[in-house]
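Beneath this line is the structure, given in structure tokens, with notes to follow.
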Amino acid sequence: MLKKSLKNQKIDRRSSPRKRLDAMVKVVKKEGQTTENSMNYSLTGLFLRSNFPEKYQLKDQVSVSFTDETGTTHSHTGEVVRKSREGIAVHYRKKAGN
């Protein structure tokens, strides 16, 4: 989410703090799969650096999987919620029971 400034104060409206993550992320969507490099992740999503962000559309449903810096493997489903020249943001879908 965007940050707002209020007289030299920055307010971060994210619900989960981001952590830097330099890892390869497998991205699967119905058209096929690709691998992208991550920039950061949180409990609710991740941002992927992409050389070809135009191959993604807002609201694309995707599955992502990656291994974090501790060696833990993560797999999530979600949707593309933001695009820029640098890449895409994926927001995880809540898992059943959460």
Residues of the stretch 38-75 being touching a Leu at 6+ places or on another chain (Cβ under 8 Å) and either aliphatic (A, V, I, L, M) or open to solvent by 40 Å² or more (accessible area, probe 1.4 Å) (or both), which ones? MET39, LEU46, VAL64, GLU69
Odd one out for LYS26 among (1) at pLDDT 95 or above; (2) open to solvent by less than 80 Å² (accessible area, probe 1.4 Å): (2)
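Do the conditions hold for SER75, that is, is it among the small types (Gly, Ala, Ser) and in contact (Cβ under 8 Å) with a residue 24 or more places away in the chain?
No, not satisfied.
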Going by what's in this entry, would LYS94 be described as on the phi < 0 side of the Ramachandran plot and without any contact (Cβ under 8 Å) to a residue 12 or more places away in the chain? yes
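The values are calculated or read from the model by the stated rules, or taken from the named source; none is laboratory data. Here the structure is a predicted model, which means the values were calculated and not measured. Because the Cβ atoms are built from the backbone with ideal geometry, glycine has one as well, and the counts that use them run over all protein chains shown. Surface areas here come from the heavy atoms of the whole protein model, side chains and all, with no ligands, DNA or RNA. Shrake-Rupley method; radii C 1.70, N 1.55, O 1.52, S 1.80 Å.
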